[in-house]
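The values are calculated or read from the model by the stated rules, or taken from the named source; none is laboratory data. Please read all numbers here as calculations on a predicted model, not as lab measurements. Virtual Cβ from ideal backbone geometry, glycine too; neighbours counted across all protein chains shown. Just the protein is used for accessible areas: all its heavy atoms, side chains included, with ligands, DNA and RNA removed. Shrake-Rupley method; radii C 1.70, N 1.55, O 1.52, S 1.80 Å.
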Amino acid sequence: MTCIITGASRGIGFGLAERFAQAGFDLVLCSRNEEKLTTAKRTLAAAYPDISIHIRPTDLSDKTEAQAFGAFVLEHCATIDVLINNAGVFVPGSISSEPDGALELQLSTNLYSAYHLTRSLLPKMQEAGKGHIFNIGSVASLQAYPASGAYTISKHALLGFSRSLRHEVRDKGIKVTDVFPGAVYTDSWKGSGIPEERMIALEDIAQAVYACHELSDRALVEDLVIRPQLGDL
């Protein structure tokens, strides 16, 4: 069994890698930061020595790089059981005042990366007649929030991609699940002054995604919304 995860060097991506490694999945991982990606591989390999882990530093906002990572996956994987499109970026700001290029950067990272990588891998998944694709969106995929103009646009677009994809591949044995997390406690929140207990635990996101994958072939969780118990921040 093989799981491919983008943006896997830290945060939600690394948490997902840990959970699938725990279940015995071989991993193929990428992120932009080579040093952090290498550290992630070293940590996972020490904890789960019986699985294989392949890594490739990749800037998925670049179409040719996304396609190159797809070729790397095909080179190292006999099957593609799980694909998790997790790579993303958040640039705060409102539509009227956010920096020039914020929309282009977030569309290329949050949407185009998933689109081009998935297109690279779909033929192999369709040939096998199985596979599960998770697209990691955000609660901002479902409604607008302050200071997240272009980010909200990009995450709404990712949701449109997922729904179109699901309609296209559901009769080919391939599942597509959208994941909409609220605030998840990761390193990026450290120093914010918001207590860890007010946010979702990383382990809860990873376990919820894995539980969706564990359902029988007859069932699919289409939309997985996870918010802090006390509501959005």
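Which residues in region 30-69 have a backbone N closer than 18 Å to a point placed 7 Å from the Cα of S164 along the Cα-to-Cβ line?
The answer is 63, 67.
Going out from 0 in 5 Å bins, what whole percent of all Cα-Cα distances in region 16-61 drops into each bin?
5, 25, 33, 21, 12, 4, 0
Can you give the accessible area per residue of region 29-116, in Å², using a 1.4 Å probe?
Each residue of region 29-116 exposes 51 Å² on average to a 1.4 Å probe.
Over the chain, how many percent of alpha carbon pairs lie in each 5 Å bin up to the one with the longest distance?
1, 7, 15, 19, 22, 18, 11, 5, 2, 0, 0
Contour minus end-to-end for Q22 and E127, with contour as 0.36 nm per residue of separation and end-to-end as the Cα-Cα distance?
Details: separation 105, 0.36 × 105 = 37.80 nm, distance 2.74 nm.
The Q22-E127 span can extend by a further 35.1 nm.
So if I average 1/r over every pair of distinct C-alpha atoms in region 63-111 and take the inverse, what Kirkwood radius in Å does that give?
Evaluated over region 63-111, this radius sits at 13.1 Å.
How large is Rg over Rh for region 43-179, taking Rg from the Cα atoms and Rh as the Kirkwood inverse mean of 1/r across Cα pairs?
Value, to two decimals: 1.01.
Filter K63/K175; K124/K172; K155/K190; K124/K175 down to the pairs with a C-alpha to C-alpha distance above 19 Å, please.
Cα-Cα > 19 Å for K63/K175; K155/K190; rest within.
Which Rg and Dmax, in Å, describe the Cα atoms of region 104-233?
15.8, 49
What's the carbon and sulfur percent of the chain's accessible surface, probe 1.4 angstrom, rounded to a whole number?
Carbon with sulfur: 50 percent of the solvent-accessible area.
Ordering D187, D59 by accessible area with a probe of 1.4 Å, largest first, what comes out?
Working: D187 105, D59 60 Å².
Ranking D187, D59 by accessible area, largest first, yields D187, D59.
So what is the relative contact order for the chain, in percent, with contacts set as C-alpha pairs under 8 Å and at least six apart?
Once divided by the residue count of the chain, the mean separation gives 19 percent.
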